[in-house]
1. Report whether or not residue 64 is farther than 16 Å from residue 98 by Cα and modelled with pLDDT under 85.
2. Please count how many residues of the stretch 36-82 are within 26 Å of the chain's Cα centre (by Cα), without any contact (Cβ under 8 Å) to a residue 24 or more places away in the chain and under 14 Å from residue 24 (Cβ atoms).
């Protein structure tokens with residue numbers, strides 16, 4: 001119970017230094033700790049983490065605090081690479097398990113410009129066509145009237 005209260009008071013304080021290493025490496029890469037484990041497994045074994053092993057690994061790490069050797073090694077290497085300036089945390093390689101990670105669209109500025117020009121052209125064309133269809137208006141606010149709604153008044157002699 002005291003452990004729980006200490007965690008509530010200082011959530012950033014980790015008792016296990018090995019879990020701190022894993023959390024620090026995950027923060028460097030801007031991924032979750034379990035995603036870091038997936039990256040570490042692939043780096044160590046050269047294959048994706050099997051689905052059958054995911055649940056066991058998650059329970060061992062999150063509930064019992066057990067950190068596999070390959071995960072510790074990977075986390076330490078990430079920290080070392082970061083200290084030497086060799087890590088680009090925006091590299092898509094580190095975010096392949098992150099479903100919400102978005103990279104920039106190649107030539108996105110050019111596409112945005114073309115779409116903006118097309119939309120602006122459509123809007124301007126719509127205003128011009130509506131002006132031509134309505135004719136000369138005499139009021140700016142509703143109800144909209146034009147010259148046909150007002151008969152010409154001739155002064156009576």
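1. Against the criterion (farther than 16 Å from residue 98 by Cα and modelled with pLDDT under 85), residue 64 qualifies.
2. Looking only at that region, the number is 1.
The rows are residues; the columns are (1) loosely packed, with under 12 Cβ neighbours inside 10 Å; (2) assigned by TED's automatic domain parsing to the domain that holds residue 90; (3) assigned to a helix (DSSP H, G or I).
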site	(1), (2), (3)
18	no, yes, yes
26	no, yes, yes
31	no, yes, no
34	no, yes, yes
39	no, yes, yes
43	no, yes, yes
47	yes, yes, no
65	no, yes, no
70	no, yes, yes
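The values are calculated or read from the model by the stated rules, or taken from the named source; none is laboratory data. Computed from a prediction, not measured in an experiment: that's the story for all the values here. When we count neighbours, we look across all protein chains shown, and the Cβ atoms used for this are built from the backbone with ideal geometry, even at glycine.
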